[in-house]
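Notes follow once the structure below has been shown.
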Amino acid sequence: MTSQNGRTYLPNTHIEIISPRLPCARPRHVLFDFDGTVSLIREGWQQLMIELMLEFLRATPEAEDEQTLCDKVTDLVLHSTGRPTIDQMTFLADEVARRGGLRHDPHMYKRLFLDRLLARVNERLTSLRRGQFEPADLTVPGVMELLAELKRRKIICHLASGTEKEAVVEETAALGLAAYFEDRIHGPQDGSPGFSKKHVIEGILEAYGLAGCELVSCGDGKVEIEYTAQAGGIAVGVASNEVERQGINETKRHQLIQAGANLIIPDFREGEALIAYLMGGDEARQG
């Protein structure tokens, strides 16, 4: 076995092995995060959220210097990716108050954020429906083919997102992916506080009688990766570069490894090799 930059890969792929797959029954279910893992419709949401938070924190009486604020907010948004938006806005409200500012209701911050984000999202959805974009243009490369292959193998797929469930259902349908998930789409809903991907994962394991390692989770945020690892599942970190649609986002990679990812992939272009490995068909090598 050889090494390249200290990273271990499946032969002739960009699939990085962080911790080898343990002997186990073959995976029966796969849980996908949505934004940044399946869909690129909301690409850029993190930067919009960072800008909103900075806008309010700069205006507080005890605000730090620009670089300190920027580092803190960026770190928060990256580490909370996958959690419900209201959780992130609650953090913003608390941080404003901590710096001597007026603490607004987190729902007010959430409305402002969604107003800005949805202007971009609706423009992309309109272009998609008019045929100016193809679904493949607004999805992580290879995910459509992977979903089709998983369905062919009768492996059940689920979606779990920190985005409102209603929006995820709409965007999944617009991308032509609804048939792969059917009613197995999970997300926060107004009037139903307390949504957690941890509860989703626990619910899937219980409802289907799965051992932890019979569940694979694919996500670009630390939340789903961390909870999957805790449950004994196989965590595939998707360190996607959402802007270029190719290559590894090194910041995501680092956070996903810290969260407990077993594998790191840039996208799903090498889906066949990924499935073969998850099913126990290939061995990793250094390279």
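The values are calculated or read from the model by the stated rules, or taken from the named source; none is laboratory data. None of the values given here were measured: they were computed from a predicted structure. Note that each Cβ is placed from the backbone with ideal geometry, even for glycine, and that neighbours are counted across all protein chains shown.
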Of all residues in the stretch 172-225, which are of a type in the set (D, E, K, R) and touching a strand residue (DSSP E or B) at 6+ places or on another chain (Cβ under 6 Å)? R184, K197, D220, E224
Taking Y208, is it closer than 17 Å to S80 by Cα and of a type in the set (F, W, Y)? no
Quick one: count up the residues across the stretch 176-198 that are farther than 23 Å from P106 by Cα and within 17 Å of the chain's Cα centre (by Cα). 4
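Here is a yes/no grid of residues against (1) in a loop (DSSP other than H, G, I, E, B); (2) of a type outside the set (K, R); (3) surrounded by 24 or more Cβ atoms within 10 Å (Cβ to Cβ):
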site	(1), (2), (3)
C218	no, yes, yes
V223	no, yes, no
Q255	no, yes, no
Q258	no, yes, no
A261	yes, yes, yes
Consider P27 carefully, then state whether it is buried (at least 17 other Cβ atoms within 10 Å of the Cβ), assigned to a loop (DSSP other than H, G, I, E, B) and at pLDDT below 95. yes
For residues that are modelled with pLDDT under 95 and part of a loop (DSSP other than H, G, I, E, B), scanning just the stretch 43-62, find the one that is surrounded by the most Cβ atoms within 10 Å (Cβ to Cβ). E43
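Residues checked against (1) within 19 Å of the chain's Cα centre (by Cα); (2) of a type in the set (G, A, S); (3) at pLDDT below 95:
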| site | (1), (2), (3) |
| --- | --- |
| L125 | no, no, no |
| F133 | no, no, yes |
| E145 | yes, no, no |
| I156 | yes, no, no |
| L159 | yes, no, no |
For V121, state whether it is under 24 Å from R253 (Cα atoms) and touching a residue at least 24 places away in the same chain (Cβ under 8 Å). no
In the stretch 63-96, how many are in contact (Cβ under 8 Å) with a residue 60 or more places away in the chain and either over 21 Å from the mean Cα position of the chain (by Cα) or outside any helix (DSSP H, G or I) (or both)? 5
Taking the stretch 13-44 and keeping residues hydroxyl-bearing (S, T, Y) and under 17 Å from A174 (Cα atoms) leaves T37, S39
Being in a loop (DSSP other than H, G, I, E, B) and among the β-branched types (V, I, T) narrows V243, V236 down to just V243
Checked V200, V223 against criteria (touching a Leu at 6+ places or on another chain (Cβ under 9 Å) and in contact (Cβ under 8 Å) with a residue 24 or more places away in the chain); the one match is V200
